[in-house]
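Each remark here refers to the structure printed beneath this line.
The values are calculated or read from the model by the stated rules, or taken from the named source; none is laboratory data. Remember, it's a predicted structure, so these values are computed and weren't measured experimentally. For neighbour counting, all protein chains shown are included, and Cβ atoms are generated from backbone atoms with ideal geometry for every residue, glycine included.
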Amino acid sequence: MAAMAKRERMEAVFAGKDVDRPPFSLWYHFGLQHGSGCDFARAQRDFYEAYNLDWLKMMSDYPYPFPEGVSDCSTPESLMKLDRFDIEESPYQEQLAAWDMISKEIGDQAFCVDTVFNPWNVARRSLVKEKMASYMRDDPKTLHHALEVITENMIAYCRSVIEHGADGLFISVPASAEYVTYEQYQTFMKPYDIKLFQAVKAFAPVVIAHIHGNALYFIDVIQTYPTDAISWADRAAGPGLAETRQMYGGVLMGGIDHTDFGLTSISALQAQALEAIRVGGNQRFILAPGCSIPTDTFPEVIRGVCAAAGINCDDRPLRVPC
């Protein structure tokens with residue numbers, strides 16, 4: 001088969017067609033949430049171009065906003081103040097500015113997806129933090145109110161990033177025992193996930209569920225969430241690619257262990273990539289790590305994995321001269 005263009009390759013994967021080779025990408029957190037969307041977009045673009053990646057997963061590190069006049073949602077009174085807000089006038093406006101730049105500069109050549117956190121994780125990461133366990137145990141009514149509002153706002157956010165140029169959504173779902181018991185998952189996570197996934201499936205070209213964690217409620221997600229693809233730590237958490245192929249008909253994304261990526265030899269990572277390509281095949285498979293790789297990973301490690309994936313990035317500049 002003739003070599004395919006980057007966007008052509010990804011579109012073929014999601015259409016269930018044969019590709020010349022599985023597309024590959026990887027990602028890490030840039031730590032730029034203090035800065036502008038333009039600065040963030042430049043970092044993402046430079047990372048994509050430095051390694052000649054097949055597609056881009058835009059990270060999402062800007063915070064969900066507190067209610068007006070509130071800086072701590074540790075009390076029920078503060079959490080009950082959550083309400084709908086204008087995405088364009090929130091901290092997410094920087095993410096939208098980044099999408100304007102990315103879609104203009106590389107959108108024609110590469111498939112680009114936005115990272116989205118599910119409502120439960122938005123509440124935990126941005127708002128209630130260490131109080132999540134006590135809210136689930138002692139004040140479920142207030143938490144349900146918050147999750148309802150967050151879900152509606154995240155649906156609006158997802159619609160906005162698609163309108164600003166994203167090709168799809170990569171929604172992180174920590175459906176795993178180290179975060180919630182199965183009963184808590186069924187009560188506080190899954191209902192809002194289903195509402196979110198069903199809503200965005202109506203307007204997003206591609207919806208990917210990233211099942212995050214090491215003790216996954218895997219079957220629940222793959223059998224009940226409306227998705228085009230799933231991403232998970234197949235090596236660190238399981239199940240493996242071959243087993244999952246028997247259970248799920250969509251696109252599989254994985255094959256490389258992210259946990260000690262930066263401290264794993266290039267040859268070992270290349271062996272993982274080659275084995276994953278053999279098992280995943282040339283249909284409905286995207287080669288990727290199971291989650292974000294460490295930010296301090298050295299470039300030669302990433303270039304080595306790119307080479308195993310079939311990408312030539314040795315002649316790419318690592319930095320633009322000042």
Problem - Residue list for segment 39-77, filter: assigned to a helix (DSSP H, G or I) and aliphatic (A, V, I, L, M) - result: ALA41, ALA43, ALA50
Practice task
Inspect segment 58-72 for any residue being modelled with pLDDT of 95 or more, closer than 28 Å to ALA15 by Cβ and under 24 Å from the mean Cα position of the chain (by Cα) and give the result as yes or no.
Solution key: yes
Fill in the blank from the handout: Being over 30 Å from ARG45 (Cα atoms), assigned to a helix (DSSP H, G or I), acidic (Asp, Glu) and at pLDDT 95 or above narrows GLU94, GLU130, GLU88 down to just GLU130
Practice task
Examine segment 79-97 for a residue that is of a type in the set (Lys, Arg), surrounded by fewer than 23 Cβ atoms within 10 Å (Cβ to Cβ) and under 25 Å from VAL149 (Cβ atoms), and state whether such a residue exists.
Solution key: yes
Exercise for the section: Starting from residues that are surrounded by fewer than 20 Cβ atoms within 10 Å (Cβ to Cβ) and not charged (D, E, K, R), keep the ones in segment 102-120 and report whichever is farthest from ARG45 (Cα to Cα). Expected result: GLN109
Fill in the blank from the handout: When every residue in segment 237-264 that is touching a residue at least 40 places away in the same chain (Cβ under 8 Å) and farther than 18 Å from VAL301 by Cβ is compared, the one surrounded by the most Cβ atoms within 10 Å (Cβ to Cβ) is MET253
Problem - From ARG7, ARG45, residue being more than 21 Å from TRP232 (Cα to Cα), touching a strand residue (DSSP E or B) at 6+ places or on another chain (Cβ under 6 Å) and at pLDDT 95 or above - result: ARG7
Completion exercise
Considering residues that are modelled with pLDDT of 95 or more, on the phi < 0 side of the Ramachandran plot and not in a helix (DSSP H, G or I), the number found within segment 292-312 is 8
Handout entry: Positions within segment 1-38 being basic (Lys, Arg) and either surrounded by fewer than 13 Cβ atoms within 10 Å (Cβ to Cβ) or assigned to a loop (DSSP other than H, G, I, E, B) (or both), in sequence order
Key = LYS17, ARG21
Exercise for the section: Could you please give the count of residues in segment 121-144 that are surrounded by fewer than 20 Cβ atoms within 10 Å (Cβ to Cβ) and either in contact with a Lys or Arg (Cβ under 7 Å, 6 or more places away or on another chain) or on the phi > 0 side of the Ramachandran plot (or both)? Expected result: 1
Problem - Of all residues in segment 51-78 being farther than 30 Å from LEU26 by Cα and hydroxyl-bearing (Ser, Thr, Tyr), the one that is surrounded by the fewest Cβ atoms within 10 Å (Cβ to Cβ) - result: SER71
Exercise for the section: Name, by its number, the condition in (1) without any contact (Cβ under 8 Å) to a residue 60 or more places away in the chain; (2) more than 15 Å from TYR192 (Cβ to Cβ); (3) part of a helix (DSSP H, G or I) that does not hold for GLU178. Expected result: (3)
Handout entry: Criterion (crowded, with 20+ Cβ neighbours inside 10 Å and farther than 28 Å from ASP83 by Cα) met by exactly one of ASP234, ASP193, ASP220, ASP228
Key = ASP234
Problem - Cβ-Cβ under 6 Å pairs, at least 6 apart or on other chains, segment 184-207 side small (Gly, Ala, Ser) and in a loop (DSSP other than H, G, I, E, B), far side modelled with pLDDT of 95 or more and crowded, with 17+ Cβ neighbours inside 10 Å - result: ALA204/ILE162; ALA204/GLY168; ALA204/LEU169
Practice task
Tell me, please, whether a residue that is of a type in the set (Ser, Thr, Tyr), assigned to a loop (DSSP other than H, G, I, E, B) and free of Cβ contacts under 8 Å to residues at least 12 places away in the same chain can be found in segment 265-283.
Solution key: yes
